[in-house]
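J.: Okay, handing you the structure first.
The values are calculated or read from the model by the stated rules, or taken from the named source; none is laboratory data. Keep in mind the model is a prediction, meaning the values are calculated, not measured. Don't worry about glycine lacking a Cβ; one is built from the backbone with ideal geometry, like all the others, and counts go over all protein chains shown. These accessible areas exclude ligands, DNA and RNA; they are computed on the full protein's heavy atoms, side chains included. Shrake-Rupley method; radii C 1.70, N 1.55, O 1.52, S 1.80 Å.
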Amino acid sequence: MQTRRISDTSSPAQPPMHRQLIEQIRTHLGSIDIEERWKPLFAAISSTYEQSDEERNMLIQQNSYLEALHHTTFGLLNQHDQKTLLREIVTRATALLGTPDGGLFVIDAEGSKLVLEAASGIFTQILGGEIERGAGLCGRVWDLGKALTVYDYIGWAHRLPTLDPLQLHTVIGVPLTSHGAMIGVFTIAYAETEHTFYQSELELIDRFAQLASLAIENVKLYNELEQRVLQRTIELEEINQELEREIAERMRTEGRLRERETTYRLLTEYATDVISRHSPDGTYLYVSPASATTLGYLPNALLGRNMRDFIHPDDVRTITHFTTELLDKVNNYSISMRFRRSDGSYIWLETTTRVIRHPESNQAAALIAVSRDISERKRVELALEEERQLLAMRVEERTADLRRANIELARAARLKDEFLANMSHELRTPLNGILGLSESLQEEVYGPLIADQNQALQIIIESGRHLLALINDILDLSKIEAGMLTIERHQIEIPRVCEMSLRMIRQSAVQKRIHVETCIDPAATIMYADERRLKQILVNLLGNAVKFTPEDRSIGLHVTTNTEDDTIQFRIWDTGIGIAKEDLGRLFQPFTQLDSKLSRQYEGTGLGLVLVARMVDLHGGSIQVASEPGKGSQFTITLPWHPLGSENPHELALIEGKPAAPARHTAHKRTILIADDNEINILTFSDYLRQKGFHIVVARNETEIYTHLSQSISLILMDIQMPKSNGLDIIRTIRQQLDKYQLPIIALTALAMPSDRETSLAAGANAYLSKPVSLRELVSTIEHILSTYQEGKNHGTA
């Protein structure tokens, strides 16, 4: 096996043509016995014959080469299909080289593979096949960039196994280049015997390789040129189409311009408005025929004259301003002016002017004006202006009246608030003593009680709380108006709240012999709501049911639950007088009873249902009413409800500032400073708190408060209405001037107005309670605050 580059391949001294004939002549001459003197002659004759035959054969061969090159070159000029041209080159080259087998590989567009584009002989079996760079003979020619010859391809170590079926023997590969870059490989093969390449054959292969390179380059250039020509043709066609469109559009535009010119001329001639053209100084250059009817002048009478000659003297200054000072600044302006008609009268004209400018200097060249008679409009405007001024005077007078009324209303509102605050204080203060001492008696602070005494105390407490509820209804109205009505949610027992509510109306029902039916769903045990507000809702509705139900009939309270949407419903029904359908919309209006006669027959403030609706809404619930005159009514309250176990009581135990009751600390006595001037309050709080294990110190005025602060005080109960002093100011002084930032303070007040809570907390109080105070709630709040305060101290010292 041999592998040689084409430049290293050696060739015999003479071509193979007639070699056998010459050898026979030599053999024959050698066998003839001739004289020695004739031998040189015969040798010369033989040599001459041999040389002449070689030259003749070489000429024939060269003629074939030239003819093949001529046809191939001619094909380059006339053929632009690359595959056809390459196939022609392969066919002519193999014919001249005495073998049917040859192929032309071209590197693909990605530059990653050789693709067999043209083939003859056995290579047609793999036409279109691909070879990787460096694979086989052609792949190595591509990789090295040089020609290679293999004389024993079947035994060559680098052969392609896929070509084994072709039974190649001698194979030569020549690179195809263009501008110094590889573009393909030209290969010739001899399948049967080893073939030795002569120099003329190698030159022929090299020449056909060059022709193939030129063919590929020529086809590439032709395709590029053809693409450019096609692109340019498309561009020219697009330009031509655009020109045709522009010509058509121009023709349409000219037609429209002629149309518009005719239209504008007709509009100008028949318009009721006066259309005119002026020079920049105001001289008329054109006037439309409408001037005769509007201005009283024929157009010719105005041409050449200045428009200022016809303007009212009071309006000339305005016209001069527009035509001189603004002429170089604006392109359009509109003015109203008085114009003198031919009969000497003046009419109002509204003139809109357009400035026509020189295209180069941008200076005003002319003015186009459209003038309309607005005399009637001006007359109406003047009348409207007079009316407007009159209305303005009336509005100003009315505004002054309203301002005085608002001041009076504000004063009345302030007096109302002050009255409500004072009434609240005067009513809550004795109620605080009544309820507080009753609660202390009930808890046997002053000694044991018998059953009848307990029952009497319970009636006192419930009656006091009912009276407190009536007071709260009035105060709640103020909170509603101020948008500050709030609720305090905590865990409550539903049956107990229902029983307490029914107890409040049971006596009234007994007096009218009304049967009270109660039905409570066994699942309705616990819910999270404001107990006082829920009881207020039920008592209001149950009280109305008793009030508006005649004797010897029945009312009822039904409680049901719905686990699907987690709601609970309270249905209060009666068999009373009922409500007309047209009156249902007025049910929830304050201070309203549906029939004025009812206000005399049935006592009440008319606030109950208003408060019910608002408190239901604050609970996130709803209220529905169904009624039929003469048969009764049903009020259904739907509130959010969570079955027992779905809520964590500790998460809702402290809402709206209401603390849960922690375990009472009894490791040492804690000192409570009661700052109050009311002896009943002092007695009530002192006795109860001492019984709960607290040490009590009393301060009846501001001076005593500051004196006791030198002692070890655990917590202050601060009454807001101290004598000669404001409890809030005292709290601020304690916090800021005495540097008692950590001392717990609970603000107590009998005012219970909407902003009291926020004001107290802002002044520095830790909590706010409204009188009358539940003593149990007071102790719970104190325990919670002291527990939190102690935890903070421990954390700070840890």
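J.: Got the relative contact order for the stretch 671-793 handy, in percent, Cα pairs under 8 Å and 6 or more residues apart?
T.: Normalised by residue count, the contact order of the stretch 671-793 is 22 percent.
J.: Still on this structure: Starting from the amide H of ASP101, placed 1.01 Å from N in the peptide plane, find each other amide H under 5 Å away whose residue is 5 or more places distant or on another chain.
T.: ALA189
J.: Let's see if you can work this out: charge +1 on each Lys and Arg Cβ, -1 on each Asp and Glu Cβ, no other charges. What is the dipole magnitude of the stretch 298-350 about its Cα centre, in debye to the nearest 20? Write down the numbers at each step before the final one.
T.: Numbers: 7 positive and 7 negative charges, 21 e Å.
That gives the stretch 298-350 a dipole magnitude of about 100 debye.
J.: Turning to a different aspect of this structure: Across the stretch 711-721, in residue order, what do the Karplus-derived ³J(HN,Hα) couplings come to in whole Hz, using 6.51 cos²θ - 1.76 cosθ + 1.60 with θ = phi - 60° and x for Gly and Pro?
T.: 7, 8, 9, 8, 6, 10, 9, 9, 6, 6, 9
J.: The stretch 702-779: Rg/Rh from Cα coordinates, Kirkwood Rh?
T.: On the way: Rg = 12.1 Å, Rh = 12.8 Å.
Radius of gyration over Kirkwood radius for the stretch 702-779 works out to 0.94.
J.: Further, regarding this structure: Label points 7 Å out from Cα along the Cβ direction at ASP328 and SER361: separation in nm?
T.: 1.2
J.: Leaving out ligands and nucleic acids, and using a 1.4 Å probe, what accessible area per residue does the stretch 487-640 come to in Å²? All intermediate terms of the calculation are to be shown ahead of the outcome.
T.: Working: 7430 Å² over 154 residues.
Accessible surface, normalised per residue, equals 48 Å².
J.: Note down the nm distance, to one decimal, between modelled labels 7 Å out along Cα→Cβ at THR703 and at ALA301.
T.: According to this spin-label approximation, the distance is 10.4 nm.
J.: Next up: If packing is taken as the average count of other Cβ atoms within 10 Å, what order do 184-193, 303-312 fall into, highest mean first?
T.: Working: 184-193: 22.3, 303-312: 15.3.
Ranking the peptides 184-193, 303-312 by packing returns 184-193, 303-312.
J.: From the protein chains alone at 1.4 Å, what is the descending order of accessible area for ILE122, ILE494, ILE434, largest first?
T.: Details: ILE122 35, ILE494 0, ILE434 85 Å².
These residues rank, largest area first, as ILE434, ILE122, ILE494.
J.: Could you rank the peptides 611-619, 398-406 by their average count of other C-beta atoms within 10 Å per residue, with the highest value first? All intermediate terms of the calculation are to be shown ahead of the outcome.
T.: Values: 611-619: 19.2, 398-406: 10.4.
Final packing ranking: 611-619, 398-406.
J.: So what are the ³J(HN,Hα) numbers for the stretch 206-214, from phi and the Karplus equation (6.51, -1.76, 1.60; θ = phi - 60°), rounded to whole Hz, Gly and Pro as x?
T.: Taking θ as phi minus 60°, the curve returns 4, 5, 5, 5, 5, 4, 5, 4, 5 Hz for the stretch 206-214.
J.: Could you tell me which of the pairs LYS581/LYS771; LYS535/LYS724; LYS547/LYS692; LYS146/LYS220 are separated by over 32 angstrom between their Cα atoms in the structure shown? Show your work: numbers first, answer last.
T.: Values: LYS581/LYS771 42 Å; LYS535/LYS724 38 Å; LYS547/LYS692 43 Å; LYS146/LYS220 23 Å.
Listed pairs above 32 Å: LYS581/LYS771; LYS535/LYS724; LYS547/LYS692.
J.: Rounded to whole Hz and in sequence order, give me ³J(HN,Hα) for the stretch 238-251 from the Karplus expression 6.51 cos²θ - 1.76 cosθ + 1.60, θ = phi - 60°, writing x for Gly and Pro.
T.: Ordered by residue, 3J(HN,Hα) equals 5, 5, 4, 5, 5, 4, 4, 5, 5, 5, 5, 5, 5, 5 Hz.
J.: Would you work out what percent of the accessible area of the stretch 269-378, with all protein chains in place, is carbon or sulfur (probe 1.4 Å)? Walk me through the numbers before you get to the answer.
T.: On the way: 3030 of 6030 Å².
On the stretch 269-378, the fraction of accessible area on carbon and sulfur atoms equals 50 percent.
J.: A further question on this structure: Sorted by average packing, counted as other Cβ atoms within 10 angstrom per residue and highest first, what order do 515-525, 737-747 take? Don't skip to the answer; put the middle values down first.
T.: Numbers: 515-525: 13.6, 737-747: 15.8.
By packing density, highest mean first, the sequence is 737-747, 515-525.
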